[in-house]
Structure formats: structure tokens, C-alpha cells
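Encoded as C-alpha cells, the structure appears first; notes follow it.
The values are calculated or read from the model by the stated rules, or taken from the named source; none is laboratory data. All of these numbers come straight from a predicted model, not from anything done at the bench. Positions of Cβ are backbone-derived with ideal geometry, glycine not excepted, and every protein chain shown enters the neighbour counts. Heavy atoms of the whole protein, side chains included, go into the accessibility calculation; ligands, DNA and RNA do not. Shrake-Rupley method; radii C 1.70, N 1.55, O 1.52, S 1.80 Å.
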Amino acid sequence: MNERHYDVVIIGAGMVGATTASLLSRSGFSVALIEAHEPQAFDAEAEVGLRVSAISPGSAAVLEQAGVWKQISRQRVRPYRRMQIEDGVDFEPLLFDAPAFNLERLGTIVENTLLQWSLWQLVSGSGMLDCYCPDRLAGIETGQDQNRVMLKSGKILTASLVIGADGARSRVRKAMGIRQDYWSYNQQGLVAVCGKTSPNPGVAWQRFLPGGPLAFLPLEDGRSSIVWTRPSAEAERLLALNTDEFIKELDAASSGWLGTVESCGPRAAFPLSMRLSDCYASQRTVLIGDAAHVVHPLAGQGVNLGFADAAGLTEILIATRFAGTDIGSAKVLQAYARSRRSESETMAFGMHAIRSLFDIDGLSVLRRAGMAVVRRSWVLKDLFLQRAAGVAANAPRLARGTSLQELMQA
Ligand SMILES: Cc1cc2nc3c(=O)[nH]c(=O)nc-3n(C[C@H](O)[C@H](O)[C@H](O)COP(=O)(O)OP(=O)(O)OC[C@H]3O[C@@H](n4cnc5c(N)ncnc54)[C@H](O)[C@@H]3O)c2cc1C
């Protein structure tokens, strides 16, 4: 049977898989990308989508190297320069302003459909890599020198390295027998697009309330995209309310910030969980993005961690090729797994701890003390911000402004 060989086969062309595919093909690797279905086309005339992501400056740098950020940043996106965090009790908010930390912006709010569609057009239209879509992973056969990837269509591909970028319920992870710890928060993230009396001036605002945080993320037209974390039954109740009733409850929860809620579009809710894979690499296969880790969205870090995985892996593979070593060797894969696993687990447990601190009523004294310490400590604020911005010293070099060209010449 005719089996096509690639340096890398990537399963899943979500935001993380498509970015990785572009970075690796631009670095000269032969790449195949397998995707179950083409993403929804982005329509700039249509209403703003319900799913948005807060893209950190580090992720924007990675997307720039993937060849897509310039085009995205010219479209319906909103940069934000201030983050305001409140705990619903203490009236002095925690403020983070970009210029105070030598950053031009803290992040950019981008609709997921814009990101996914721009990336898909790039990878499927570039001619630099082969896209197999619609198709699905059927199985992986591991081997000494290469892995065989069986697709539902009956096609068989071989690769020096297989990358699982196929999301939280990763088939690749299951096929490799990698165990995963799973915690359900019994919470849902309720999302909607809302307008207040005053337009959002470009502030990512978050208030921690009993039951979960409420975030208002700025949109290009002055409205905000909200993510309201509620216990699952409560989220269902909020979804079932009519628009006026919902606006009344949202108004009470956001108590006066930017005036009152004046409009609210359709709502949807997503179950929230934390998932951590036992290992990120096994037998010529690695996991990236949600396939490797899922974190609570309260700091908007999920896809940013995935972009950092993509960048970290690309750097290691470029260096490996330069050294003339096998890109699928255990040593190489372990180097990737070590560097990315510690970062994702720190973030996941950090989010877990913050969530618990704000969720448990008895901890209010501890919480207020913590807020007060962070408010007064420039060092803590700086540490927090560098990490959230994806530009801390341990972030991949591609996230800190190094170009692919520079990496390839190093
Ligand atoms: C309410 C909410 C708000 C969030 N807000 C933010 C935020 O502000 N910032 C942030 O950084 N993160 C945020 N996140 C997290 C973020 O959305 C995820 O981390 C991100 O979407 C994961 O991207 P991914 O590419 O790894 O996986 P996915 O988006 O799940 O993509 C996986 C891809 O693989 C394909 N696939 C699956 N199985 C197969 C198969 N067998 N064969 C072929 N293809 C397959 C799928 O079709 C899909 O295209 C939020 C999450 C939630 C729930």
C-alpha cells in the first residue's frame, strides 16, 4: 500500500494544531495536518461570536511567526491595556496597567472563529503542507524509526514524529495509553456579548463572586464579551431566563461598573474542568494544547499555554535538526515534555488555588490579605503580569520576540 512519509503528522487543526503546523512547515519540516472538519468561516459583517480568547503578547508574537497575526490584528479585535480585578467585598480593585510594566498592551481579545478561520486559510491554502480534511485519526502504530498513522479514510501516513493537538478528549492521548487526571469543577462558563451604558474603554475587568468569577472582556465596538462562571445548576437557570431577567441579574453581579447593562445577545455555557496528562511524550508522539492540559479559564490562559507548547516544540525541533539528531528520539521528546509540563501544571494549580480562595466563604480574610499584599507589591504584580503576558524569562524564545529565521540561524 502507498504510505506517504512526513517529518511530522499533526492530528487536529484547532488554534494550537494549525499554529504548530504553520510554524513547522515554515521551518522547513514536511508536515501533514489531519482535521475532522473545516472550521466555521469568519464573517466580519456577522454578529460577534460567543467564544473569544484573550491573546497574550507572547502568543501574538508566536502567531506573528506563524504568519497570521498581522492579518488578524487588522480585523475585529480589541487590545486592552488595563486589567482590573475585584473581589466583590473589598472596594479597592487590583489594577494592572500595561505601561507600568513596559508593555504596550496586556493582551488582545480575538473571536475564536477569526483565529481558527485565519489559521485554517493559511495552512490549507499555503501549499507548504498537506491537509487531510475531513478525516480522522483511526489508530497509531508505533515503530523504532517511525510511527504509522491510520486515518478513517483508509489512508496511512508515516512520520518521524506524531503531534496530538486534538483537544481535551484527545484520541492520540488515548491511543498512546497516556493517563490523565480529571477534575470537574461542577461549574459552567456562561458566555454572551453585552453592552453597558458606558462603552468598555479597553479594560479586562473581573470580579470574583461566590460561585465563580464574572469577567467583562472589551470588544472593538465598545461592548464586552462576558464569561460568568457559575455552579452548573445555577448556569442552567441563568440560561433559561428571558433577556430582561438575565440582564437584571447580570447588572446586580457587575454592580455599577460602566453603568448598567443595556443589551445582551444569545447565551451559551461550557462545562469547566481541569485535565492534566501524566506525560506529554511517548514513543515518537507528543501532546500539545488541550490534548495535554485543560485549565480553568479564569485567567484566560488555556490557548495561550497551547501556543507556548507550539513555540517550545518548534524551537526544540529546529535545534534537533540542526544537531543532526532524530526529531522523534526519546531524548528530544523528553526535553519538550519537561519544559512544558512544569509550566502548564504551575498555571493549572495556580488557577485551581485562586478559584478555591475566592470560592470558599471562610477564606475571605485570607483572600483580602492576599489582595492587599499583591496590591502593594510591585514585584509580585510584575511576576504575575510577565507570566500572564507570556513573556516571562522561561517563556519560549518565539514568544519573547525571536524570529523563526533567527532560530534557524542560531
Ligand atoms: C468559557 C471558556 C473561555 C475560554 N477563554 C479563554 C481565553 O480567554 N484565553 C485562552 O487562552 N483560553 C481560553 N479558553 C480555553 C481555550 O478555548 C482552549 O484552551 C483552546 O480552545 C484549546 O485549543 P486546542 O487547539 O488545543 O484544542 P481544540 O480547540 O479542542 O481543537 C482540537 C481540534 O482537533 C480536531 N480533532 C479532534 N479529534 C480529532 C480526530 N480524532 N481526528 C482529527 N481531528 C480531530 C477538532 O475538530 C479540533 O479542530 C477558554 C475556554 C472556555 C471553556
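Just to check I understand the Karplus step: with θ = phi - 60° and J = 6.51 cos²θ - 1.76 cosθ + 1.60, what whole-Hz values come out for the range 236-248, glycine and proline as x?
Couplings: 4, 4, 5, 5, 7, 5, 6, 4, 5, 5, 5, 4, 4 Hz.
Would you mind giving the three semi-axes, in whole Å and largest first, of the ellipsoid equivalent to the range 105-256 according to its Cα gyration tensor? Can you show the working numbers first?
Details: eigenvalues 342, 88, 37 Å².
Ellipsoid semi-axes (Å, largest first): 41, 21, 14.
Averaging over every viewing direction, what projected area does the convex hull of the Cα atoms of the chain cover, in nm²?
Working: hull surface 79.1 nm².
For the Cα atoms of the chain, the hull's average projected area reads 19.8 nm².
Given 0.36 nm per residue, what is the gain on full extension from Asp382 to Asn394 after removing their alpha carbon distance, in nm? Intermediate results must be reported in sequence, preceding the final value.
Values: separation 12, 0.36 × 12 = 4.32 nm, distance 1.44 nm.
My answer for the length gained is 2.9 nm.
Using the Cβ atoms and a cut-off under 11 Å, what net charge is assigned to the surroundings of Val110, where Lys and Arg are +1 and Asp and Glu are -1? Numbers along the way, then the final one.
Details: positive: Arg51, Arg76, Arg78; negative: Glu111, Glu220.
Around Val110, the surrounding residues sum to +1.
To one decimal place, what orientation-averaged projected area in nm² is obtained for the convex hull of the Cα set of the range 278-334?
Details: hull surface 15.9 nm².
Value for the range 278-334: 4.0 nm².
Taking amide H positions as placed 1.01 Å from N in the peptide plane, with prolines and chain starts having none, which residues 5 or more places from Leu209, or on another chain, fall under 5 Å of its amide H?
So Leu209 has HN proximity to Leu214.
Taking Cα atoms, how many degrees apart are the long axis of helix 364-376 and the longest axis of the chain, rounded to 10 and kept between 0 and 90?
80 degrees
May I ask you to list the residues of the range 217-261 whose amide nitrogen lies under 19 Å from a point 7 Å from Cα along the Cα→beta-carbon direction of Arg74?
Residues passing the 19 Å test: 220.
Roughly speaking, what is the stretch gain from Ala323 to Thr197, that is 0.36 nm per residue apart minus the C-alpha to C-alpha distance, in nm to one decimal?
Extending this stretch completely gives an extra 39.4 nm.
How big is the range 1-160 along each principal axis, measuring the range of its Cα positions in Å and listing the largest first?
Here the Cα extents, ordered largest to smallest, are 68, 38, 31 Å.
Could you tell me the ratio Rg/Rh of the range 73-125? Both radii from Cα atoms, Rh via Kirkwood. Write down the numbers at each step before the final one.
Details: Rg = 16.0 Å, Rh = 13.5 Å.
Rg/Rh for the range 73-125 comes to 1.18.
How much length would be gained if the chain were fully extended between Ala100 and Lys248, taking 0.36 nm per residue of separation minus their Cα-Cα distance, in nm to one decimal? Each step should come with its number before you reach the end.
On the way: separation 148, 0.36 × 148 = 53.28 nm, distance 3.59 nm.
Value of the extension gain: 49.7 nm.
What angle do you read, to the nearest 10 degrees and between 0 and 90, between the alpha-carbon axis of helix 15-26 and the longest principal axis of the chain?
Once rounded, one gets 40 degrees.
Evaluate the range 9-78: find the radius of gyration of its Cα atoms, find its Kirkwood radius, and give the ratio Rg to Rh.
Values: Rg = 13.3 Å, Rh = 13.6 Å.
Over the Cα atoms of the range 9-78, Rg/Rh equals 0.98.
Calculate the tail of P(r) for the range 182-298: the fraction of all Cα-Cα distances greater than 17 Å, expressed in %.
On the way: 3945 of 6786 pairs.
Counting every Cα pair in the range 182-298, those more than 17 Å apart make up 58 percent.
Taking R0 as 56 Å, what FRET efficiency do you get between Arg4 and Glu220 from their Cβ-Cβ distance, rounded to the nearest 0.05? Mind dumping the intermediate values first?
Values: r = 42 Å, r/R0 = 0.76.
FRET efficiency, Arg4 to Glu220: 0.85.
Restricting things to alpha carbons, find the Rg to Rh ratio for the range 192-247 using the Kirkwood radius for Rh. The partial results should precede the final answer.
Working: Rg = 12.0 Å, Rh = 12.1 Å.
Reported Rg/Rh (Cα atoms, Kirkwood Rh): 0.99.
Keeping the other protein chains in place, figure out the carbon and sulfur percent of the accessible area of the chain, with a 1.4 Å probe.
On the way: 9060 of 17180 Å².
Here it works out to 53 percent.
Would you mind checking the tilt of helix 57-66 against the longest principal axis of the Cα atoms of the chain, expressed as 0 to 90 degrees and rounded to 10?
Tilt relative to the chain: about 30 degrees.
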